[in-house]
Amino acid sequence: MTATRAIARSAFALVALLPLLATAGERGQYARQWPLALGQEESGAYRVVLDEAVYRSAIDPALGDVEVFNAAGRPLPAALLSPEQPLARAPRTLALPWFPLPAQDPAVGGGDLRLVAERDGEGGIVRIEAGVVPRDGEAHAPGQWLVDASRLREPVRALLLEWEQPQQSLQARYRVEGSDDLGQWRTLNGGTTLLDLERGGERLRQGRITLDRQARYLRLLPVGPGPVPVLTGVVAELSPPPPDTRWEWLEIRGERRSEGGQEHFDFVLPGRFPMERADVHLPGNNAEQWSLYSRERGDGSWLWRAGPWMAFQVGGAEGASQSEPKPLPRTVRDRHWRLTPGTPVGDAEPVLRLGYRPEVLVFLAQGEPPFALAAGSANARRTEAPIPGLLEALRKQRGAGWQPAPAYLAEAPEELAGERALRPQQQVDWKSLLLWGLLVAGAVLVAALGLSLLRRPPAQS
């Protein structure tokens, strides 16, 4: 039975070892890594802007071979996002001048507003004298204001009202009218309820009124009778600033080819860049029609990407003029590109310029730092985490202006597996291997038990 027990121990050791073999060396499956410097300690979520070196290292068409690890070598939850996705910028606000209006009851249609306004050179109201020509049977109501938005040169998304804390709960419905000349008025918001409620030491306040259209002057009128707020300020909510568009460009020289009597120029990208724009440069003054194609593999079919469009460059005494880059219909990461001219270009060699915006990898900090971003693997792939949904939930809790803290790539990468990581390895099916190992170990164990029974001397009657 000693041999039988030894076989059983070996089988159980194999079973225990297989999970370790299946998960070992995950960081070692990448070509190189960049240590990360955190812009803020203990932020929880970080964003890394990818640079050219990372794109040159990655080989997966979907950039799945870019991953973040902690100090213990464990992969962290991460997702690749477009350049503007992690940047939830808070709306801009600007205080606006406002003036109280003579009280009138808008429920009966509102009287004709007569304004004598002193304005500056830009149309802004410096001083206002207001009067109302009431209509027959018209009652009076307080809480009406005129807001001067004439100096703004961009749309107002909403008005944020500020008022004194009321003695009791407040609920008032307001509409907003707009005018460009203080004479003709149109409705910009048919009705929004303003709230200021307090209970048990907690206060609920709602003073935001959205605008459907724009006007130089705004008139705020209560809808119906009832208590109104004592206004102290009006703030315009403007659209948030657009994210900074940072375009990077690669200039590539190609090879001239001729197929079926048509001249082409073929180019090979040095990495997995998210190309969004294309441009062509020829020496000297030129104007040429171009068509652009790409493909993933060198033996694949060419797919149309842009054109035909005209790229030109014309010099002069005032300087050179050139065509704008051509936007691509979608982001393309293909390695192989082809330019086809509309007419022969002679001995000129075109330079293909492809533009991209660096993407962002957002990850959650788990475990101990330092963290590092690894890239370039033919065998390892990042598991995409539900980061976009998490960012939306965090913005609802922390405010619309919240965004992940920045993390910065080191200037020089550290080599891991190097070029070995870029060579595909035969994948081992550990589950099947484990099952076969258990079957073989079981068969050997049964055979050993049978032999031990055969060798045992027969029992005496």
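The values are calculated or read from the model by the stated rules, or taken from the named source; none is laboratory data. Since this is a predicted model, take the numbers as computed values, not measurements. Every residue, glycine among them, receives a Cβ derived from its backbone with ideal geometry; neighbour counts consider all protein chains shown.
Picking from Val54, Val68, which residue would you name as being in a strand (DSSP E or B) and modelled with pLDDT of 95 or more? Of Val54, Val68, the one residue that is in a strand (DSSP E or B) and modelled with pLDDT of 95 or more is Val68.
Would you call Pro227 touching a residue at least 40 places away in the same chain (Cβ under 8 Å), in a loop (DSSP other than H, G, I, E, B) and not assigned by TED's automatic domain parsing to the domain that holds Glu349? Taking the combined requirement at face value, the residue satisfies it.
Tallying residues that are out of contact with any Leu (no Cβ under 8 Å at 6 or more places or on another chain) and either more than 22 Å from Ala236 (Cα to Cα) or at pLDDT below 85 (or both) within segment 152-183 yields 5.
Among the residues of segment 171-216, those identified as under 32 Å from the mean Cα position of the chain (by Cα), part of a loop (DSSP other than H, G, I, E, B) and charged (D, E, K, R) are Asp212, Arg213. Taken over segment 348-379, the criterion of being at positive phi and in contact with a Leu (Cβ under 7 Å, 6 or more places away or on another chain) is satisfied by Gly376 alone. Taking segment 332-366 as the range and being in contact with a Gly (Cβ under 8 Å, 6 or more places away or on another chain) and not assigned by TED's automatic domain parsing to the domain that holds Arg253 as the test, the residues that pass are Leu364, Ala365.
Restricting segment 138-170 to residues that are part of a strand (DSSP E or B) and charged (D, E, K, R) leaves a set whose member that is surrounded by the most Cβ atoms within 10 Å (Cβ to Cβ) is Asp148.
Being closer than 22 Å to Pro227 by Cβ and modelled with pLDDT of 90 or more is the filter here, so list the residues in segment 184-204 that pass it. Listed by number, the residues that qualify are Asn189, Gly190, Gly191, Thr192, Thr193, Leu194, Leu195, Asp196, Leu197. Here Ala317 does not fit the description of being over 30 Å from Pro97 (Cβ atoms), surrounded by 18 or more Cβ atoms within 10 Å (Cβ to Cβ) and either at pLDDT 90 or above or over 32 Å from the mean Cα position of the chain (by Cα) (or both). Taken over segment 336-373, the criterion of being within 16 Å of Leu292 (Cα to Cα) and out of contact with any strand residue (DSSP E or B) (no Cβ under 8 Å at 6 or more places or on another chain) is satisfied by no residue. So, Pro329, is that one under 20 Å from Arg305 (Cβ atoms), surrounded by fewer than 18 Cβ atoms within 10 Å (Cβ to Cβ) and either of a type in the set (Asp, Glu) or in the same structural domain as Arg297 (by TED's automatic domain parsing) (or both) or not? Against the criterion (under 20 Å from Arg305 (Cβ atoms), surrounded by fewer than 18 Cβ atoms within 10 Å (Cβ to Cβ) and either of a type in the set (Asp, Glu) or in the same structural domain as Arg297 (by TED's automatic domain parsing) (or both)), Pro329 qualifies. Among the residues of segment 241-284, those that are more than 32 Å from the chain's Cα centre (by Cα), in contact (Cβ under 8 Å) with a residue 12 or more places away in the chain and in a loop (DSSP other than H, G, I, E, B) comprise Gly254, Leu282, Pro283, Gly284.
Within segment 224-236, the residues that satisfy the criterion of being modelled with pLDDT under 90 and in contact with a Lys or Arg (Cβ under 9 Å, 6 or more places away or on another chain) are Gly224, Gly226.
Among residues of segment 396-425 that are assigned by TED's automatic domain parsing to the domain that holds Arg47 and of a type in the set (Val, Ile, Thr), none has a Cβ under 9 angstrom from a residue that is surrounded by 11 or more Cβ atoms within 10 Å (Cβ to Cβ) and part of a strand (DSSP E or B) at a sequence gap of 6+ or on a separate chain. Going through segment 204-224 one residue at a time, which ones are farther than 30 Å from Arg153 by Cα and either touching a residue at least 12 places away in the same chain (Cβ under 8 Å) or surrounded by 15 or more Cβ atoms within 10 Å (Cβ to Cβ) (or both)? Passing the criteria: only Gly224.
Condition test on Leu364, is it out of contact with any Cys (no Cβ under 7 Å at 6 or more places or on another chain), under 30 Å from Ala72 (Cβ atoms) and at pLDDT below 90? For Leu364, the condition - out of contact with any Cys (no Cβ under 7 Å at 6 or more places or on another chain), under 30 Å from Ala72 (Cβ atoms) and at pLDDT below 90 - is not met.
Listed here are the residues, each with its yes/no results for (1) of a type in the set (D, E, K, R); (2) over 21 Å from Asn286 (Cβ atoms); (3) touching a residue at least 60 places away in the same chain (Cβ under 8 Å).
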{"site": "Trp302", "(1), (2), (3)": "no, yes, no"}
{"site": "Pro308", "(1), (2), (3)": "no, no, no"}
{"site": "Phe312", "(1), (2), (3)": "no, no, no"}
{"site": "Gly315", "(1), (2), (3)": "no, no, no"}
{"site": "Lys326", "(1), (2), (3)": "yes, no, no"}
{"site": "Asp334", "(1), (2), (3)": "yes, yes, yes"}
